[in-house]
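Below is one structure, written out as structure tokens; comments come after it.
All of the numbers you see were taken from the coordinates with simple rules; none came from a lab. Remember, predicted model here, so these are calculated numbers, not experimental data. As a convention, Cβ positions derive from the backbone with ideal geometry for all residues, glycine included, and neighbour counts pool all protein chains shown.
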Amino acid sequence: MHYMLLIYEDESGYGDGADSPEMKAIIDKHMALVDELGDRQVDGAGLQPVATATTVRTTGGKQVIHDGPFAETREQLGGYYVIEAPDLDAALEIAKKVPLRLDGAIEVRPLIVH
């Protein structure tokens, strides 16, 4: 079964972006996890900061485009992994290994595969 691991944390802790020491350190940890997962990783990527997000919201059949992410929160969706695991328990064990700089959350969801 395929699971998506959604990485939520406060992106302000990464200093001045992709070249900051904080970002380089966490990228190194993610690369180590990618190596450990091997073929169990199906896909994955980091996301650009929320300042680059645009949301199309539909309300009452009308669509409006907004600058910014879907929700204003303390934690932002920063990246994801798509993994293959035999069951939820195995997916949760992998999710526990996803590096976070400080506090954050890893949401685990099974994918609908056709």
The FRET efficiency for Met31 and Val113, from their Cβ-Cβ distance with R0 = 41 Å and rounded to 0.05, is 0.95
Straight distance only, please: which lysines reach the Cα of Lys29 with their own Cα at less than 23 Å, same-chain residues fewer than 8 apart left out? Lys96, Lys97
Within straight-line cross-link reach of Lys62, aspartates and glutamates at Cα separation under 20 Å, skipping those fewer than 8 residues along the same chain: none
Specify which residue in the list Gly104, Gly61, Ile27 is farthest towards the positive end of the charge dipole of the stretch 2-110, using unit charges on the beta carbon of Lys, Arg (+1) and Asp, Glu (-1), about the Cα centre. Gly61
Tell me the chymotrypsin sites (Phe, Trp or Tyr not before Pro) within the stretch 50-114 that lie in a loop according to DSSP and have at most 16 other beta-carbon atoms within 10 Å. Phe70
Expected output is a single nm value to one decimal: the length gained when fully extending between Ser12 and Lys62, i.e. 0.36 nm times separation in residues minus the C-alpha distance. What is it? 14.7 nm
Average the reciprocal distances over every distinct pair of alpha-carbons in the stretch 2-110, invert the result, and give the Kirkwood radius in Å. 15.1
